[in-house]
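Worksheet: the structure to be examined is printed underneath.
The values are calculated or read from the model by the stated rules, or taken from the named source; none is laboratory data. As the structure is a computational prediction, the values presented were derived from the model and not from experiment. Glycine gets a Cβ as well: all are built from the backbone with ideal geometry, and neighbour counts include every protein chain shown. Just so you know, the surface numbers come from the protein's heavy atoms only, side chains and all, with ligands and any DNA or RNA stripped out. Shrake-Rupley method; radii C 1.70, N 1.55, O 1.52, S 1.80 Å.
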Amino acid sequence: MSERNTGSRRIGSEGGQLPLLLEHRPAFDRGEYLVSVCNEAATAWIDSWPSWPDATWGLNVHGPEASGKSHLAEVWARKAGAIMLRPADLDAERLPTLLGDAGYVVLDNVDESLPGVPAFHLYNMIVERRGALLVLSRTPVSRMALHPADAKSRFAALPAVAISDPDDALISGIMDKLFRDRQLFVAEEVLAFLVGRMERSFSEARALVEYIDAMSLAEGRRITLPLARRALDARAAG
C-alpha cells in the first residue's frame, strides 16, 4: 500500500482524465544519499572535502545516467559554495562574467563535445584561484578525445572515481527515495517485488517510479502489488 499527500501533486482526475503532474523537488541533502559498494568511493571523496590532497584542482565523478552524480555534486556545491555550469555555457570571452568571484565549479554532463579552448581557460582560472572543479560525466574524461591537447592533458590529470551499477539493496533504497520525493510511501513488499523483477539500473529505477506514479494518479489507485505487477508487464510489453 502507499499513502500520498496530494495537496500539491495532482489536479483533476475525474471522468478518466489524466491528472496534471506538477514538478516535484528531489531531496539533495547528504543524509538522503544512499551509500553502497558501487558509490562508496565517490561518496568518500565528497565527504572528505575540503581535505582533498594538496594540488588537487578537481575531481571527475563518472558513472551511468541517474546514478546519483548530480546529487553528490549538489552536496559538494553547497559545501564549497560552487556554481553549476554545463559545457554549453562555456565561452572563453564570457568566462570571467560566468565565474564572477567563484573559485569552485561543478561542470555537469561532460562528453567529447566539451569545447576545449574555454574548458582549458576554465581549468587555468580555477588553479589561479586555488579552487576546484568537479566534473561529472558518464565515462572518464581521461578516455575522451578532447581538443586541444592542453585541455585533454589538464582534464585527464584530474583524479577520477567511478559509480558502478547498483546492487539490489541500493536499487530498493533509491526507488524508496524517488517515491518519497513524490510524496509517496510504498510498502517494502512492493519495493521487493519490483526490485526482484526489473532491470537493475539507475535509469530504469527512475523510469519505473515515474511510470508507476503516473499510472497511480491516472487510475486514482494506491500503489499495491497488483498495480506494480501491471506496471512491469506494461513496460515489458513496450
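Observations
- Test: residue in the range 143-165 that is over 30 Å from residue 121 (Cα atoms), at pLDDT below 95 and either out of contact with any Ser or Thr (no Cβ under 8 Å at 6 or more places or on another chain) or not in a loop (DSSP other than H, G, I, E, B) (or both): yes
- With respect to the conditions (1) open to solvent by 30 Å² or more (accessible area, probe 1.4 Å); (2) modelled with pLDDT of 90 or more; (3) within 30 Å of residue 123 (Cα to Cα), residue 180 lacks only one, and its number is (3).
- Top-ranked residue in the range 51-63 [being in a loop (DSSP other than H, G, I, E, B) and open to solvent by less than 40 Å² (accessible area, probe 1.4 Å); ranked as modelled with the lowest pLDDT]: 56
- Given (1) open to solvent by 20 Å² or more (accessible area, probe 1.4 Å); (2) of a type in the set (Gly, Ala, Ser); (3) touching a Phe, Trp or Tyr at 6+ places or on another chain (Cβ under 9 Å), index of the condition residue 48 fails: (3)
- Considering the range 13-45, the residues that are modelled with pLDDT under 90 and of a type in the set (A, V, I, L, M) include one that is surrounded by the most Cβ atoms within 10 Å (Cβ to Cβ), namely 34.
- Among the residues listed as 138, 129, the single one being closer than 15 Å to residue 57 by Cα, open to solvent by 60 Å² or more (accessible area, probe 1.4 Å) and not hydrophobic (A, V, I, L, M, F, W, C): 129
- Candidates 214, 234, filtered to the one that is on the phi < 0 side of the Ramachandran plot and more than 24 Å from the chain's Cα centre (by Cα): 234
- Here is the figure for the range 97-107: residues that are farther than 19 Å from residue 157 by Cβ, touching a residue at least 24 places away in the same chain (Cβ under 8 Å) and either open to solvent by 30 Å² or more (accessible area, probe 1.4 Å) or part of a loop (DSSP other than H, G, I, E, B) (or both) total 1.
- Test: residue in the range 76-85 that is crowded, with 17+ Cβ neighbours inside 10 Å, in contact (Cβ under 8 Å) with a residue 12 or more places away in the chain and more than 27 Å from residue 162 (Cβ to Cβ): no
- Residue match in the range 154-172 (condition: of a type outside the set (Gly, Ala, Ser) and under 21 Å from residue 96 (Cβ atoms)): yes
- Test for residue 216: is it surrounded by fewer than 21 Cβ atoms within 10 Å (Cβ to Cβ) and in a helix (DSSP H, G or I): no
- Among (1) over 17 Å from residue 35 (Cβ atoms); (2) in contact (Cβ under 8 Å) with a residue 24 or more places away in the chain; (3) not small (Gly, Ala, Ser) - the single one residue 191 does not satisfy: (2)
- The one condition in (1) closer than 30 Å to residue 58 by Cβ; (2) assigned to a helix (DSSP H, G or I) that residue 234 fails to fulfil: (1)
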